[in-house]
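To keep things clear, I will list the structure first and then write my remarks on it.
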Amino acid sequence: MIETFRNAWKIPDLRKKLLFTFFIIVIYRVGGTVPVPFLDADKLREWFQQSENSGNFFSYLNVLSGGNFSKATLLALSVSPYINAQIIIQLLTYALPPLERLAHEGPEGKKKLDKITKYFALLIAVFQAWAYYLTLSKADAVVYTSGFDKVFAEIVIIACFTAGASMTIWLGDEINAKGIGNGISMLLFAGIVARGPAAVIDLFRLMSTGDAKNIILVPIIIVVFVAMIAFIIFMNEAERRIPIQYAKRVVGRKQYGGQNTFIPVKIAMSGVLPIIFAMAFVSLPSTLEMFIKPNPGSFYDKFLGWFSYTHPVYAVVYFILIIGFNYFYVSMQYNPVEIANNLRQNNGGVPGIRPGKPTSDYIKKILSKITLVGAIFLGVIAILPIIFTAITKMNIAMGGTSILIVVAVALETVRTMESQMMMRHHKGFLE
C-alpha cells in the first residue's frame, strides 16, 4: 500500500489528485468543528455519554460521522443520509420497473439514478435533522428564550444539519470528479480514522492508571485488533473462481473462442452493508427507550434489557440478521439464471456442467456456500468486539465495524490508484 502511494506521488497528475483529495478531507474535518447555533454543548455532551453507554443507533451514527454527531456540529449527519438513500434506491431498483430500466441504460441511466439518489438523500437529511432536533430538545440541549425563538431555533438547527449533509455529498462529488475517486467512502474513512488517535490515547491512559486488569487487557485489545485487520484483509482479497471455457468457432479462415477463463466471486462481496442493515434493526429497541421510558420490571423493560449491546440476545440476533441480510444483498447482486444465459449466448460454459438450468443450479450452489462463509465472516467481525466488551466492560463494541469500513475503503482506494497508474503506463499498440 505504501509503495502504491509512493509510485502515485511520482506521477504529476496523480499527485494533484492526491493533494486535492487531502484538501477536501481537511475541509470536511474543519466543517465538523463548526458549532450549530442554539445548542448547549454541556447538556449535549452529558446526553450523548448516556446515549453511547446504551448502545443505540446514535452510537452507530456517531461512528459514521467521525464523532461529529455527538458534538452536533454542522456536519453531524455526515454521510449517513446519502448512504441510506443509496441503499434504498438500490433496493427499489429491483422492485420498480422505471428504476430498473434506468439501471440498464448505461452511463446516462446511472447519472439519472445518482441524481434521484441525491434528491432522496436530501429528504432523508431533512427527516434526520428534524428527528435529531426533537431528541436534542427532549434532552434540554436546545437554548431559546420565548415561543417565537423556539420556532426560529428549530428552523435554524434543521437547516444547518441539512446543509451539512448536502455539503458532505458535494465534497464527495468533488473527490470523484477531481480527486482519486470513492468520494463518500473517502470521507467516511477520514471520519473514522480521525477518531483513531483519541482511541489509542484512551487505551494508554487506561494502562497509566496502574490497574493490573487494564495493564493486561490493553495489550490484548491491540493484538486482537491487529489480528482482525489481517483477517479482514485476507477475507476481502479471497475469492472463489468458477472456471469458464468458451467453445471454438471458425468464421472464414479465422478461429474464435477456445479460451479458458473464470468468474471471480468475492467471499466478502457485500461489504459492510449487511452490518449497516442489521445494526439499524437491532438498535431500534434501545433507541425507542430514549423516547418511551418503560416501567421498571415490566415486560417492555425486560425486552429492552435483552437488546442492550452487552446482552447475549443482542449478539445472537445481530449475528443472525447479518447472515440474513448478507444472503438478501447477494441475491440481488447475482442472478445465476442471467449469468448462465449470458454464458450460453457467448458459447461458454462451466467444464463438466451442461448449459442452461444445470449451469444456473451449479452457480447458485456455489454462491450459497460462498455467501454463508462471507456472512459468518461479517458476523464474527461484528460481534467479537461486543463479546469482548461484555467480558471486559470496556466499550469497544463499535470497533469491528469501524475497522471493517476502514480496511475495505483503504483496499478499494489502493486498487483504484493501481488501475489509474496502469492506464498511464500502458504502452498501447503504436509503441
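Things to note:
- Here segment 324-367 is the region considered, the condition is being surrounded by 14 or more Cβ atoms within 10 Å (Cβ to Cβ) and among the polar types (S, T, N, Q), and the residue that is nearest to Q245 (Cα to Cα) is N347.
- Within segment 187-203, residues that are within 21 Å of W170 (Cα to Cα) sit with their Cβ atoms under 7 Å from residues that are in a helix (DSSP H, G or I) and basic (K, R), at 6+ positions apart or across chains, in these pairs: A190/R29; A194/R29.
- Test: residue in segment 193-210 that is touching a Gly at 6+ places or on another chain (Cβ under 6 Å), assigned to a helix (DSSP H, G or I) and under 20 Å from S59 (Cβ atoms): yes
- Condition check for V414: under 24 Å from A199 (Cα atoms), modelled with pLDDT of 80 or more and either under 24 Å from the mean Cα position of the chain (by Cα) or not in a helix (DSSP H, G or I) (or both): no
- Any hit, segment 300-314, residues being farther than 25 Å from V282 by Cβ, surrounded by 15 or more Cβ atoms within 10 Å (Cβ to Cβ) and in contact (Cβ under 8 Å) with a residue 40 or more places away in the chain: no
- Of everything listed in (1) among the hydroxyl-bearing types (S, T, Y); (2) farther than 26 Å from I116 by Cβ; (3) touching a residue at least 40 places away in the same chain (Cβ under 8 Å); (4) in a helix (DSSP H, G or I), the single unmet condition for S70 is (3).
Residue by residue, here is whether (1) buried (at least 21 other Cβ atoms within 10 Å of the Cβ); (2) touching a strand residue (DSSP E or B) at 6+ places or on another chain (Cβ under 8 Å); (3) of a type in the set (A, V, I, L, M); (4) at pLDDT 75 or above holds:
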| residue | (1), (2), (3), (4) |
| --- | --- |
| P37 | no, no, no, yes |
| D42 | no, no, no, yes |
| E46 | no, no, no, yes |
| N56 | yes, no, no, no |
| S59 | yes, no, no, no |
| N62 | yes, no, no, yes |
| F69 | yes, no, no, yes |
| T73 | yes, yes, no, yes |
| V79 | yes, no, yes, yes |
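- Every residue from segment 229-247 that is under 18 Å from L343 (Cα atoms), outside any loop (DSSP other than H, G, I, E, B) and aliphatic (A, V, I, L, M): I242, I244
- Listed by first and then second residue, the pairs with beta-carbon distance under 9 Å, at least 6 apart or on different chains, first residue in segment 325-352 and more than 19 Å from L91 (Cα to Cα), second modelled with pLDDT of 85 or more and of a type in the set (D, E), are A340/D361.
- Qualifying residue in segment 7-24 (condition: of a type in the set (A, V, I, L, M, F, W, C), touching a Phe, Trp or Tyr at 6+ places or on another chain (Cβ under 9 Å), within 19 Å of S185 (Cα to Cα) and touching a residue at least 60 places away in the same chain (Cβ under 8 Å)): yes
- Qualifying position, being closer than 30 Å to T389 by Cβ, aliphatic (A, V, I, L, M), surrounded by fewer than 16 Cβ atoms within 10 Å (Cβ to Cβ) and in contact with a Ser or Thr (Cβ under 9 Å, 6 or more places away or on another chain), among I192, I220, I184, I201: I220
The values are calculated or read from the model by the stated rules, or taken from the named source; none is laboratory data. A quick note: this is a predicted structure, and the numbers were derived from the prediction, not measured. With ideal geometry, Cβ positions are generated from the backbone for all residues, glycine too; neighbour counts draw on all protein chains shown.
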